[in-house]
1. With the structure loaded, tell me whether B:R162 is under 24 Å from B:V67 (Cα atoms), surrounded by fewer than 19 Cβ atoms within 10 Å (Cβ to Cβ) and either more than 14 Å from every other protein chain (Cβ to nearest Cβ) or not aromatic (F, W, Y) (or both) or whether it fails that test.
2. Looking for something exposed (fewer than 15 other Cβ atoms within 10 Å of the Cβ) and at pLDDT 90 or above - is there at least one such residue anywhere in the range A:21-41?
3. Looking at the range B:165-179, is at least one residue among the small types (G, A, S), under 20 Å from the mean Cα position of the chain (by Cα) and modelled with pLDDT of 95 or more?
4. Please enumerate the residues belonging to the range B:80-98 that are closer than 20 Å to B:Y26 by Cα and either under 14 Å from the mean Cα position of the chain (by Cα) or within 15 Å of the ligand (Cβ to nearest atom) (or both).
5. Suppose the filter is surrounded by 14 or more Cβ atoms within 10 Å (Cβ to Cβ), in contact with a Lys or Arg (Cβ under 9 Å, 6 or more places away or on another chain) and more than 7 Å from chain A (Cβ to nearest Cβ); does B:L255 pass it?
6. Check B:E274, B:E278 and return the single one that is within 13 Å of chain A (Cβ to nearest Cβ), not polar (S, T, N, Q) and not in a helix (DSSP H, G or I).
7. Using beta carbons and a limit of 6 Å, which pairs, at least six apart or on different chains, have the first residue in the range B:229-242 and within 14 Å of chain A (Cβ to nearest Cβ) and the second one of a type in the set (K, R) and crowded, with 24+ Cβ neighbours inside 10 Å?
8. Go through (1) more than 16 Å from the ligand (Cβ to nearest atom); (2) under 24 Å from B:D168 (Cα atoms) one by one and return the number of the condition B:A112 breaks.
Amino acid sequence: MRAGTGLLWLCLFGYALGAQAAGTASIPADPLDSSRWRYIVAEHFRDARLMFDERVQVRAPDAVEDGRATPVFVRISGLDDVRRIRVLADAVAPGAVLDYFPDSGAAARDLSLGFGLRLAQATPLRAAVLTGDGVWHIGGRWIDAQGGGCAAPSMTLPESAGAGKGLAPGIEARAWPRPAGYQRLKFRIQAPASARESWPAITQITISDSAGRLRARLVPGKTLDPTAVFTLDIASREPLHIDVRDARGQRYERGVGSAARALP
Amino acid sequence: MWARCIVVLCLWLPCAVAPAFADGYYDLAPQRIAPDTYVFLGALEAFDFDNHGAVANSGFIVTEQGVVVIDTGPSRLYGEAMRAAIARVTERPVVRVYITHAHADHFLGNNAFAGVPIAALPATAQTIRSAGEAMARHLYDRVGAAMRGTSVVVPDEIIDRRADPLVDYGDHRLELIATAGHSPADLMILDRRTGVLFAGDVVFHDRAPATPHGDFAGWQRALTTAADSGFRIVVPGHGPVAENDTPLEQTGAYLRWLAERLRAGAARGDSAAELMFEPLPPRWAALAVQPAEYRRSVTYLYPALEGATLK
Ligand SMILES: [Zn+2]
């Protein structure tokens, strides 16, 4: 951030004082110093136990680039029994950017999630991770609107990453084997170029294995770029099945072969 | 030798040679780098409210026929500050402006040069015509009041790439070198008299190359063209002037490293924002505007590589 560190700490201190005065000392002061933090807590975490946690890392570019999806990567390491990951952008509240329900049966201590956002302004971006003990573990970072330097902004409006090659919506995907029996799944949903404007919102994406067991469920929010690449780490190397539903009740599916066999 | 094409999107006020308020934003001190040859060095930063967008190098050559200006900076006030600084060096008039390429930090001072022919490659003029307003708005958002009075002036002289690339201004024979790679059209200007190469953004020096519109193969060819031009002094688009090949080699090596890092990340299945946070080798981390510029490169260039790995 451009604000000097001293100013930041002054703001934090001032906020902490204000919070105590208002009798809301149980809300932890926001390390990102967002003016919307109180509203975020009220909307998503009322009466919940919260902690800012280094084990939840949010990675994203320093700034939004005009006309481009902003890539985001969430990495959770060393947290047991993760039930839900809720991604929030303060500036696009209310609502979540994305909800991710991982395979709660797996003893996964490490989880990753990659996606793209259509952001137009500076915002704190947060990942809140709910563990089985009812605690939300929160990590985040600021994305600045003040992007650029030489060559900003984009001179031509870029094609949406998944701009259609065919007429029917489809799913492109691939899996990579990862250590410890994991696989990394990447996929993107292709909208036909002619239909991009009128394309219905994606309401849910589910990933299941060949035995029909649910491995992951994603519920996109309004600023998610549905045509950007999704990245998930799955605690299995079995073949997977991707099932996408949209707001018109349409369903797109495809299978992704075993990551073990895809290994060159 | 010149094809003429005049399009002016916004009218400027009648020319004021010595603006009263320019100094408030831009303290431009020309540095003499060779006989008759001066540069204004930009800050090694991204645009912000403190540098007022003055992040690129610009320059001028004082010839017997008048002053030749190379790039006009990010705003009308910058262009006016250039004119005031030039007037402190010489009484000769500015007779031509060359715009190296269509990025906002290099041409938005054009409306301080009313009445002077402004020359650029065809694709540069085309991009300024179609996207100049959007670029100016973007810069207004980034640097604020220093942009006041700025409007987009499209170059009115199109450089004919089939024509004689040599242009004489008195005893300064300038060679106009048309390349592409940093952007769709990158003009370099070699002064055969002094050996000074104004390389535009084909060459960066101690500042991470900006690659949003980059084409790696074309850019490497442009660097080879620059290296083979016989220059003695190179003025990069961003970064300090050098009397050797170092900035060219640095730019080429960085672009090769970047292309390989992106390719390897896509092959491994890295997610874009994951790859952005891979540490940089010390040599590239030490460049100005890192890691922000590397991360911008991933934002712009990675989606196509990543998408190509999916079936
Ligand atoms: Zn440039």
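1. Answer is no for this residue.
2. Yes, the conditions are met somewhere in the range A:21-41.
3. yes
4. B:V97, the sole residue that qualifies.
5. Here the answer is no, as B:L255 does not meet what is asked.
6. B:E278
7. Qualifying pairs under 6 Å: B:H238/B:R207; B:G239/B:R207.
8. Against the list (1) more than 16 Å from the ligand (Cβ to nearest atom); (2) under 24 Å from B:D168 (Cα atoms), B:A112 comes up short only on (2).
The values are calculated or read from the model by the stated rules, or taken from the named source; none is laboratory data. Everything numeric in this text was worked out from a predicted model, so none of it was measured. Heads up, the Cβs are rebuilt from the backbone with ideal geometry, glycines too, and the neighbour counts pull from every protein chain shown.
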